[in-house]
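Novice: Here it is, the structure, as structure tokens.
Just so it is clear, none of the values below were taken in a lab; they were calculated from the coordinates. In this text the structure is predicted, and so the values were computed from the model without any measurement. FYI the Cβ positions are ideal-geometry reconstructions off the backbone, even for glycines, and counts take in every protein chain you see.
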Amino acid sequence: MAERTFLTDDELDELVAALPSPESMPVATVDQMQAATRDLAGRAPSMALSAISKGGWAYLGPSPQDPDVSRQLNRARLRMAMAAFSAGVRHLCGHTRQIRPLLLICDPPSLVCMDLACLTAARDDCEAASFRWDNHCDSCGTHTETVTPHLSALGPLTISAHLCRACVAAVEAATFHAADTLQIVSRKSPCPCGSGRRYKHCHGKTREAA
């Protein structure tokens, strides 16, 4: 089984510095990247509601303005992505070579587009393949008794991972620092989807059913 390589902060900074700037890329490529990123951002509210309905939390604010916070969050996302690619990523549909919203599953390392049919097939495929690194954090590689599901975005790429408590705490601290306001969603609070109904009568039904 191929092992994953987890880059250090300095290695990640060097990698980012070596990436081409938007000014040096073809205009058509930049336009496609921006369109794919906007497409993914449009899917964010429904993905956030899914996370909340399952007992999780979500950040729906703009990109952090503090460069240190932004760098910390992007390092974590890039480290997860590079670790998955270092072990060899399976392409689960024929659209992954295109510039469009994609989903990177860290374990088993898999890449698929965000079309519903492709996602459904990918879910079945990943369940059949099973985990390669049970109880290992997808951000630092540490073996731990408990891992927490985690979704994050890096441009048009959504990264699906499982993190240890230390990595979750680091991401939460940086995210809360970036947020202007925090909204605690309880059973009686308005549903974040904007329906006007209480959470328990709207998307909260999914959590209660589960």
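Novice: Given the stretch 70-210, what percent of its DSSP beta bridges are antiparallel, to the nearest 5?
Specialist: 70 percent
Novice: Turning to a different aspect of this structure: List the trypsin sites (Lys or Arg not before Pro) in the stretch 1-95 that DSSP assigns to loop (not H, G, I, E or B) and whose Cβ has at most 12 other Cβ atoms within 10 Å. Which are they? Don't skip to the end; give the middle numbers.
Specialist: Numbers: sites: Arg4, Arg38, Arg43, Lys54, Arg71, Arg75, Arg77, Arg79, Arg90; in loops: Arg4, Lys54.
Hits after loop and neighbour filter: Lys54.
Novice: Specify the inter-centroid distance of the stretch 142-169 and the stretch 66-113, based on alpha-carbon positions, in whole Å.
Specialist: Each part's Cα centre sits 12 Å from the other's.
Novice: Highest mean first, how do 100-110, 115-125, 132-142 rank when packing is the count of other Cβ atoms within 10 Å averaged over residues?
Specialist: With the highest mean Cβ count within 10 Å placed first, the list reads 100-110, 132-142, 115-125.
Novice: Collect residues whose amide H, placed 1.01 Å from N in the peptide plane, falls under 5 Å from the amide H of Ser110; neighbours closer than 5 in sequence don't count.
Specialist: Those qualifying (amide H under 5 Å, at least 5 residues apart or on another chain) are Arg90, Ile105.
Novice: Let me ask another. Given contacts defined as C-alpha pairs under 8 Å and at least six residues apart, what's the relative contact order of the chain, whole-number percent?
Specialist: On the way: 284 pairs, mean separation 47.0, N = 210.
Reported as a whole number, the value is 22 percent.
Novice: Could I ask something else about it? Mind giving me the nanometre distance, one decimal, between the label points for Glu172 and Leu7, set 7 Å out from Cα along Cα→Cβ?
Specialist: It is 2.8 nm.
Novice: Restricted to Cα positions, what overall size does the stretch 33-179 have along the principal axes? Three whole-Å values, descending.
Specialist: The Cα atoms of the stretch 33-179 stretch 38, 38, 31 Å along the principal axes, largest first.
Novice: Using only DSSP helix segments of four residues or longer, with each worth -39500 (n - 2.57), what per-residue ellipticity at 222 nm results for the chain after dividing by its residue count and rounding to 500?
Specialist: On the way: 6 runs with 91 residues, N = 210.
The per-residue figure over the chain is -14000 deg cm²/dmol.
Novice: Using each residue's phi in the stretch 144-159, evaluate 6.51 cos²θ - 1.76 cosθ + 1.60 at θ = phi - 60° and report the 3J(HN,Hα) Karplus result to the nearest Hz, with x for Gly and Pro.
Specialist: 8, 5, 10, 10, 10, x, 8, 10, 8, 10, 10, x, x, 9, 9, 10
Novice: According to a simple spin-label model (label point 7 Å from Cα along Cα-to-Cβ), what is the distance in nm between Ser130 and Gln32?
Specialist: 3.8 nm
Novice: Are there any helices in the chain, counted as whole DSSP H runs, that stretch 18 Å or more along their axis by Cα and score at least 0.0 on average by Kyte-Doolittle, and if so which?
Specialist: On the way: long enough: 27-53 (40 Å, 0.30); 67-86 (27 Å, -0.30); 116-129 (20 Å, 0.42); 165-178 (20 Å, 0.90).
Helices passing the filter in the chain: 27-53, 116-129, 165-178.
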